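The block underneath contains the structure these notes are about, expressed in structure tokens.
The values are calculated or read from the model by the stated rules, or taken from the named source; none is laboratory data. Owing to the predicted nature of the structure, the values given are computational and were not obtained by experimental measurement. Here the Cβ is made from the backbone with ideal geometry for all residues, glycine too, and neighbour counts use every protein chain on show.
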């Protein structure tokens, strides 16, 4: 971060760390604030997006761009490590990354067990950017990591794959500095809308913000982060939704969000001759089973073309009571993870889908129109309601699993059941979320190195 902001955050770090567990109780969901109550052409396994053209905003003068608006080729500042065949990772908050004792503990946990990856906050729910940045806004209330690049190097020396989690549209800091880009109140369009926790969101259609996210992702990659994981890539959900007004999003939420995905993927990957960053996206768990957008814009098939990996947050505790007939969802951790990830893998591998998409082709059928009066029998083409899509390998699905106590204690048996469910669904990679960064139950089930 810039000098003054970094110094201020260093002074407050001790008090913030003490409150980490309390913060965890309020902000424990990776991209999902509370329970969600909702919920044939040639194909290939290629994970890169198809060539899609959208109107681009003027990039001239933006960080990491040339005067002509093109993303500049960046001189490598750091090395990267190869992604493991099966990623097995744990989350680390910005505050934990700034604390030596947490660093030592989690590095020891990873190097002594089957774990091989760590997911570190790049920008958290407050909008604070963790790493020293020429792009980041000053004044964030969260923790910063002044020696972020050196910490990444240390992780690499241990052979640990580094994933940087970047909270996107939930950004109170950005909306404070740029209220014109914020989601507004319908009752007072001059006022910024806030959710039940008092947090504000950037309007998905605010294209000026797209470049801010691109610049941060490219900066983090240049510091050695191997994979950029995008969270909160959605419209808001928890708050007075009848009082929401979108200034910049003028179309369908699904379409607006997919346009952002396309722009993000293209611009982050552009001019990366030294190391191509791996890109992943966090989606609500119920995107694996729903075809509607859950009123947040997220549809699984609309994300698949643009990211190397999709990370559904299939935390059992965040499924609504009654899902698949389960009155107590926490008593069915295995079933929920298995069904969700099995369905997601099948949808990824399919060559047709019910979901429309910017890269999808409508499948038509010939319908006979009987003769009538003087009109002869004719035929016409009508949509079938299905679309042709690329097929993706099942391995593009990499779930977020639960090792935090909500609303009941999550035991080692419940944690182990989620891992086994992932394997039984035909997948090999997983990531665990624990906002307190303790992983009490996971430690008891991990296999030794």
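Mind telling me which of the residues 132, 146 ends up being surrounded by fewer than 18 Cβ atoms within 10 Å (Cβ to Cβ), assigned to a loop (DSSP other than H, G, I, E, B) and either over 21 Å from the mean Cα position of the chain (by Cα) or at pLDDT below 95 (or both)? Result: 146 is the single residue among 132, 146 that is surrounded by fewer than 18 Cβ atoms within 10 Å (Cβ to Cβ), assigned to a loop (DSSP other than H, G, I, E, B) and either over 21 Å from the mean Cα position of the chain (by Cα) or at pLDDT below 95 (or both).
Could you run through region 248-297 and say how many residues are assigned to a loop (DSSP other than H, G, I, E, B) and within 24 Å of residue 400 (Cβ to Cβ)? Write out each step before concluding.
Going through region 248-297, the residues assigned to a loop (DSSP other than H, G, I, E, B) turn out to be 248-252, 270-277, 289-297.
In the following step, the residues that additionally are within 24 Å of residue 400 (Cβ to Cβ) were identified as 276-277, 289-297.
Residues flagged as assigned to a loop (DSSP other than H, G, I, E, B) and within 24 Å of residue 400 (Cβ to Cβ) within region 248-297 amount to 11.
Within the set 333, 355, the sole residue that is at pLDDT 95 or above, in contact with a helix residue (DSSP H, G or I) (Cβ under 7 Å, 6 or more places away or on another chain) and in a helix (DSSP H, G or I) turns out to be 333.
Does residue 251 meet the test of being over 18 Å from the mean Cα position of the chain (by Cα) and farther than 24 Å from residue 291 by Cβ? Explain how you work it out, then say what you get.
Details: over 18 Å from the mean Cα position of the chain (by Cα): yes; farther than 24 Å from residue 291 by Cβ: no.
No; evaluated as a whole, the condition is false for this residue.
Taken across region 160-169, residues that are part of a loop (DSSP other than H, G, I, E, B), surrounded by fewer than 18 Cβ atoms within 10 Å (Cβ to Cβ) and touching a helix residue (DSSP H, G or I) at 6+ places or on another chain (Cβ under 8 Å) do not occur at all. Taking (1) over 18 Å from residue 168 (Cβ atoms); (2) out of contact with any helix residue (DSSP H, G or I) (no Cβ under 7 Å at 6 or more places or on another chain) in turn, residue 289 satisfies each apart from (2).
Applying the condition of being closer than 19 Å to residue 126 by Cβ and assigned to a loop (DSSP other than H, G, I, E, B) to region 208-234 and asking which residue is farthest from the chain's Cα centre (by Cα) yields 234. Residue 365 satisfies every condition listed in (1) under 29 Å from residue 429 (Cβ atoms); (2) out of contact with any helix residue (DSSP H, G or I) (no Cβ under 8 Å at 6 or more places or on another chain) except (1). Within this structure, residue 271 fails the test of being under 30 Å from residue 336 (Cα atoms) and either surrounded by fewer than 22 Cβ atoms within 10 Å (Cβ to Cβ) or in contact with a helix residue (DSSP H, G or I) (Cβ under 9 Å, 6 or more places away or on another chain) (or both).
Only a single criterion out of (1) farther than 30 Å from residue 292 by Cβ; (2) in contact with a strand residue (DSSP E or B) (Cβ under 9 Å, 6 or more places away or on another chain); (3) at pLDDT 95 or above is not satisfied by residue 368, namely (3).
On the given criteria, is residue 389 buried (at least 23 other Cβ atoms within 10 Å of the Cβ) and farther than 16 Å from residue 316 by Cβ? Judged against the criteria, residue 389 is a match.
Can you confirm whether residue 408 is more than 23 Å from residue 310 (Cβ to Cβ) and either crowded, with 17+ Cβ neighbours inside 10 Å or modelled with pLDDT under 95 (or both)?
On the way: more than 23 Å from residue 310 (Cβ to Cβ): yes; either crowded, with 17+ Cβ neighbours inside 10 Å or modelled with pLDDT under 95 (or both): no.
Judged against the criteria, residue 408 is not a match.
Of everything listed in (1) surrounded by fewer than 17 Cβ atoms within 10 Å (Cβ to Cβ); (2) within 30 Å of residue 85 (Cβ to Cβ); (3) in contact with a strand residue (DSSP E or B) (Cβ under 9 Å, 6 or more places away or on another chain), the single unmet condition for residue 119 is (1).
Screening the candidates 303, 311 for the property of being part of a strand (DSSP E or B), in contact with a strand residue (DSSP E or B) (Cβ under 9 Å, 6 or more places away or on another chain), modelled with pLDDT of 95 or more and within 29 Å of residue 78 (Cβ to Cβ) yields one hit, 311. Taking region 368-398 as the region of interest, how many residues are in a strand (DSSP E or B), within 24 Å of residue 283 (Cα to Cα) and out of contact with any helix residue (DSSP H, G or I) (no Cβ under 6 Å at 6 or more places or on another chain)? The qualifying residues number 3.
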